[in-house]
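Quick notes on the structure that follows.
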Amino acid sequence: MKLVVVGGVAAGASTAARARRLDEQAEIVVFERGHHVSFANCGLPYHVGEVITERSRLLLQTPESLRESLNLDVRVGTEVIAIDRKKRTVTVREVDSGKEYTESYDKLALCMGAEPVRPPLPGIDHPAVEVLRRIGDMDRIKSRLDDALAAQKAGRRGVVTAVVVGAGYIGLEMAENLHHRGVRVDVVELADQILPPVDSDIAAPVEQHLRSRGIGLHLSTAAAAFQPLADSDGPNRVSVELTSGTTVKADLVILAAGVRPAVDLAKAAGIELGERGGIKVDTGMRTSDPHIWAAGDAVETPHPVLPGSYLAPLAGPANRQARVAAENICGRDTHYRSTQGTSIVKVFDMVAGGTGATKRQLDAAGVEYRVVHVHPSGHAGYYPGTAMMHIKVLFSPDDGRVLGAQACGFDGVDKRLDLFAMAIRAGLTVYDLEEQELAYAPPFGSAKDPINMAGFVASNVLRGDLTLWYSEDFPSATEGTRLVDVRTPEEYDIWHIPGAENVPLATFRDAIADWDRTQPVRLYCAVGFRSYLAHRILVQSGFADVATLSGGSTTFTHIHGHAESYEPQPPMENYAEKVSVASSVAAATGQTTDLDCTGLACPGPIMRLAGAMKAANAGDEIRVTVSDPGFALDGPAWASKNGHTLVSMDPKGPGYVATFRKGGVAPVTASSPQGKNKTSMVVFSGDLDKVLAAFIIANGALAMGDDVSMFFTFWGLNALRRVDPPRREKKAMEKMFGAMMPRGADKLTLSQMHMAGAGTAMIKNVMKQHDVQPLPELIASAQQAGARLIGCTMTMDLLGIAQSDLLEGVELGGVATFLGEANESGTTLFI
C-alpha cells in the first residue's frame, strides 16, 4: 500500500504515524506546504510572549526525525495543488523552486487543516498586519515585536502598541502574551462579547478581568481599513480604522477573526462537502471517494447533542480523527462518533471554557433544555488561594441528560470542564452528577464538589423542589410579583435589583406571617443558596407561586451589569476639610489590617477603605482586596488626596490587592496652600444652557493657560454621547434609559423656556448669529486644547452607557478620581 498524506501538522502527522505503527510495509509520503512539520501550533502565542523561551521546544518533529523513527517520507515546502481521482495521482509543487511533479497513491488522506480569515479590507496587505498560524508567522511577529521593543528601550520611540482583531481563544492568548512583553493592546471584536464559544453570562466576568489588566476592548466593532502611517510615527506602523469611528495606531496587527476549512483542493476534485462547507466524512473518516479519507479542521463531524454535522477546529479532535482514519486506511473497522467542542483558555489569572452545546446553539437547533447557574469556590473556601467559580449547566427537561456546560474562574476550572465533558460523552444525567465521588482535600476541592452542587441544583429543579426564574427575563419575569432580596441589609444597600424589598433570611420566617399567599413571589440572593432556603420556607408555608433567581445577583450582574439603580450612599468623609497633609510620609508601624472589598462596586471599596483608614493610626497599613477594576485609578487618587501612601498595587483574580499606609496629619491652618493654574468641574446637569456655560468657562480657562478637568456624572454625561455609536446588544434597562435620554450635545434642551423645542432652536440660532460656537464645537475645542473629559463609571453602570457610546478621548474614572483633580485645583465648580 502507498499512502499519501496531504498536510503534516496535527492530523496529517498523526495519520501517518498511526498508519506506520499498523503497517510496517506501507510506503507513506507526507506533503506539507509549510517549512515545518508536526509543530506545536497551540504554543505559538506563548513563544511570542516569551513564556516559552526556547523556539526549538515547539518543533516536536522534523522530517529527519520522522524518517529515523517511523520511516516516513516527509516533504516540507511542498504543496499539493490537484488530485486526479481516476488516475489516483496528486500534482505537487515545490514552494521555493516552483517545480511541479505528480505522485501516485493507493490511498489518500486529506489533512489540510484550516486557513485564517483575511477579510478583503483596504490595507490588509500592510506588512504590520499578520496572522498567527505557522512557525513562519510566529517568527515574523516576534522579530517585529523584538525590534520595536528594542527601539523603545533605547529611547528611540514611545510605547509599543498592538491591535488584535478577534476576541476568540487565539486572539485573547495573543493579547495576554503581547501584554506580557510590555505592549499596549487593543482587542477588536465584531460580536457584543468576547469568547464566542461560551455564552455571554460566562464571558462577562472574563471581559471584566481582561479590562482590569489594561487591555482595551472594542466590542460590537470591526476593523474597516488599515492605513500606513508617516515615518515620523515609526517605520511600518499602521492606523487601524474601526467601524465605530475610532482610529488606533499600531506597530502590529494580529488577525484572529477565525478560520475557515481549507477545502479548495477537495472541492476542485469533486469530493462532497457538508452543510457547513467542510469535507463530508462517514464515521470511519472516509470521504465520498472510497480511496480518500480526511481528518482535522477541514472535516465536518456529528455533535453528541445537536442535530447535523459541525466544524470544530481543535487539536484534540483532529488527533483522534487522524487515528480513526489511519486505522480504517489500514483495514480496521474503527468509528469516530462525534465532536463536542471541549475547549479552554487562560486569560491572565482567569480560566474559561465549555463543552457540549451552548444556549445559542440549542436555541438555533430547537432543542429543549433547562439551565442552572452555580457559583462555588474552586476548592474549600477556608483554604487559601481559591475564588468564586461561575458554572452554567444546560440539561434536558425530560431525562436530565447533560447537554452542555461552561465555566470560568481562577482555580479548578479545567478539571470541572473535563468532568462535564466526560458526562456528556457518556450520556450522563444531572442525577448522575449528584452521585459522582470525586477526590477531595481542602487544597483541591470541597466535600460537595462543584460538580455535585450543579447536580444537586439541577436535580432539585427536575424533581420540583426548586422553581427558577432567569436574569435574561427581567423585568418581565418580576412584573406583578413580590420581588424579595433575602441578603443582608448591608448587601442590599450596596446594590439591589430595582423594585426589590429587603427581607433578610435571618428574619424571613417572622416577616412572611401576614403576606398574601396567592401573590407570586420572586426571590434572589447573591448566588442562589439563601434564596433557595427562603423558597423552601414559602412553598411549605402554603405560597402558591414561588421562584428563585438562577445564580442570584451574581449571574444577574453578568447579564445586565449594574445598570439599574444604586441606593443613596452616605457621603464619604472629606479629610481635606479637617486636616492637611504633613510634609513627610509617616513611618511604617508594622501594623497591617486586611480589608476584603470583593464584590463591592464604586464607591463601595473607597468608602470601606476610608472607614478603615479613619480607625487606623499614622503609619498603619491597610491591605485591601477588591474586585472592582476601576479601583486601579480611584484608589491611588483617593490616597493622594488624603495624604496616604500607596505602598503596592498588584493584580489578583478579578481585581487587585493594594496596600495603603496612613499618612501623618496636622491641623488645618489659614495658610494651607491652594492649587493654582488648574480648574476642575463636576458637570451634573444635562441642560443645554448649563453645559454650554461649562464649556465656555473651560475654553476660557484653557485660553488663560490653566489645566482643565471636567467630571461628567449623571445627566451631564449625555453631552458626551456619540450621535451614531456602534451597534451593540443592550439589556432591557439600557434600552429604556437610552430611549429617554438625549443622545449627544446636539440633543440637549434648555433648562427653562424649552417650549417644546422652539426655545432651544431659538437660542441655537441666536448663537449662530453672534458667531458663538455650537456646543459640539465647544467640546471639540476643549479636547483639542487639552481638557480632560472624564466620564463617571458609576453613572455609566447606572444608565447603561458603554465606553463605545461616548466621544473618542473621553477618560473613565470614579469619585476619587475627581476628588484628586479637585484637590490640585485653584477653582472647582459644580454645574
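Considering the conditions (1) surrounded by fewer than 21 Cβ atoms within 10 Å (Cβ to Cβ); (2) within 23 Å of residue 121 (Cβ to Cβ), residue 273 is excluded by exactly one of them, (2). Would segment 739-756 turn up any residue that is in contact (Cβ under 8 Å) with a residue 12 or more places away in the chain, assigned to a loop (DSSP other than H, G, I, E, B), over 20 Å from residue 789 (Cα atoms) and among the small types (Gly, Ala, Ser)? Yes.
Find the residue count for segment 361-377, including only residues that are touching a residue at least 60 places away in the same chain (Cβ under 8 Å) and either among the hydrophobic types (A, V, I, L, M, F, W, C) or part of a loop (DSSP other than H, G, I, E, B) (or both).
Residues flagged as touching a residue at least 60 places away in the same chain (Cβ under 8 Å) and either among the hydrophobic types (A, V, I, L, M, F, W, C) or part of a loop (DSSP other than H, G, I, E, B) (or both) within segment 361-377 amount to 6.
The residues in segment 78-129 that are of a type outside the set (A, V, I, L, M, F, W, C), assigned to a loop (DSSP other than H, G, I, E, B) and touching a helix residue (DSSP H, G or I) at 6+ places or on another chain (Cβ under 9 Å) can be counted, and the count is 2.
Within the set 83, 124, 52, the sole residue that is within 30 Å of residue 171 (Cα to Cα) and either in the same structural domain as residue 266 (by TED's automatic domain parsing) or crowded, with 19+ Cβ neighbours inside 10 Å (or both) turns out to be 52. Out of all the residues in segment 18-39, is one or more surrounded by fewer than 21 Cβ atoms within 10 Å (Cβ to Cβ), over 22 Å from residue 137 (Cβ atoms), in contact (Cβ under 8 Å) with a residue 12 or more places away in the chain and under 39 Å from the mean Cα position of the chain (by Cα)? Yes: segment 18-39 contains one or more residues that are surrounded by fewer than 21 Cβ atoms within 10 Å (Cβ to Cβ), over 22 Å from residue 137 (Cβ atoms), in contact (Cβ under 8 Å) with a residue 12 or more places away in the chain and under 39 Å from the mean Cα position of the chain (by Cα).
Counting only residues that are in contact with a Gly (Cβ under 8 Å, 6 or more places away or on another chain) and either at pLDDT below 95 or part of a helix (DSSP H, G or I) (or both), segment 413-443 holds 13 of them.
Quick one: which residue in 230, 268, 223 is touching a strand residue (DSSP E or B) at 6+ places or on another chain (Cβ under 6 Å) and of a type outside the set (D, E, K, R)?
Checking each option against the conditions leaves just 223.
Selection over segment 63-77 of residues that are surrounded by 14 or more Cβ atoms within 10 Å (Cβ to Cβ), part of a loop (DSSP other than H, G, I, E, B) and either hydroxyl-bearing (Ser, Thr, Tyr) or in contact with an Asp or Glu (Cβ under 9 Å, 6 or more places away or on another chain) (or both) gives a count of 1.
A quick yes/no check of all residues on (1) over 18 Å from residue 709 (Cα atoms); (2) polar (S, T, N, Q); (3) surrounded by 15 or more Cβ atoms within 10 Å (Cβ to Cβ):
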| position | (1), (2), (3) |
| --- | --- |
| 764 | yes, no, yes |
| 788 | no, no, yes |
| 791 | no, no, yes |
| 800 | yes, no, yes |
| 825 | no, yes, yes |
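Please tell me if residue 159 is of a type in the set (Val, Ile, Thr) and either out of contact with any strand residue (DSSP E or B) (no Cβ under 7 Å at 6 or more places or on another chain) or not in a loop (DSSP other than H, G, I, E, B) (or both). When the stated conditions are applied, residue 159 does not pass them. All conditions in (1) at pLDDT 95 or above; (2) surrounded by 24 or more Cβ atoms within 10 Å (Cβ to Cβ); (3) within 26 Å of residue 460 (Cβ to Cβ) hold for residue 361, with the sole exception of (2). Of everything in segment 496-511, what is touching a helix residue (DSSP H, G or I) at 6+ places or on another chain (Cβ under 7 Å) and assigned to a loop (DSSP other than H, G, I, E, B)? Give them in sequence order. Selection gives 497, 499, 503, 504.
What do you reckon, is residue 751 surrounded by fewer than 16 Cβ atoms within 10 Å (Cβ to Cβ), hydroxyl-bearing (Ser, Thr, Tyr) and either closer than 16 Å to residue 802 by Cβ or modelled with pLDDT of 75 or more (or both)? So residue 751 fits the description; yes.
Just to be sure, is residue 20 touching a helix residue (DSSP H, G or I) at 6+ places or on another chain (Cβ under 8 Å), at pLDDT 95 or above and among the charged types (D, E, K, R)? In short, yes.
Can you tell which of 295, 315, 322 is hydrophobic (A, V, I, L, M, F, W, C) and within 28 Å of the chain's Cα centre (by Cα)?
315
For segment 726-744, indicate whether the set of residues that are of a type in the set (A, V, I, L, M), modelled with pLDDT of 80 or more, within 19 Å of residue 807 (Cα to Cα) and crowded, with 20+ Cβ neighbours inside 10 Å is non-empty. No.
In segment 127-154, of all residues being touching a strand residue (DSSP E or B) at 6+ places or on another chain (Cβ under 7 Å) and of a type in the set (A, V, I, L, M), the one that is surrounded by the most Cβ atoms within 10 Å (Cβ to Cβ) corresponds to 128. Does at least one position in segment 286-304 carry a residue that is of a type in the set (Phe, Trp, Tyr), in a loop (DSSP other than H, G, I, E, B) and surrounded by 22 or more Cβ atoms within 10 Å (Cβ to Cβ)? Among the residues of segment 286-304, not one is of a type in the set (Phe, Trp, Tyr), in a loop (DSSP other than H, G, I, E, B) and surrounded by 22 or more Cβ atoms within 10 Å (Cβ to Cβ), which makes the answer no.
Exactly one residue out of 201, 264, 251 is over 18 Å from the mean Cα position of the chain (by Cα), crowded, with 22+ Cβ neighbours inside 10 Å and of a type in the set (Asp, Glu), and it is 251.
Note on segment 704-738: residues that are in a loop (DSSP other than H, G, I, E, B) and either basic (Lys, Arg) or not assigned by TED's automatic domain parsing to the domain that holds residue 779 (or both) total 5.
The values are calculated or read from the model by the stated rules, or taken from the named source; none is laboratory data. Source: prediction; values computed, not measured. Virtual Cβ from ideal backbone geometry, glycine too; neighbours counted across all protein chains shown.
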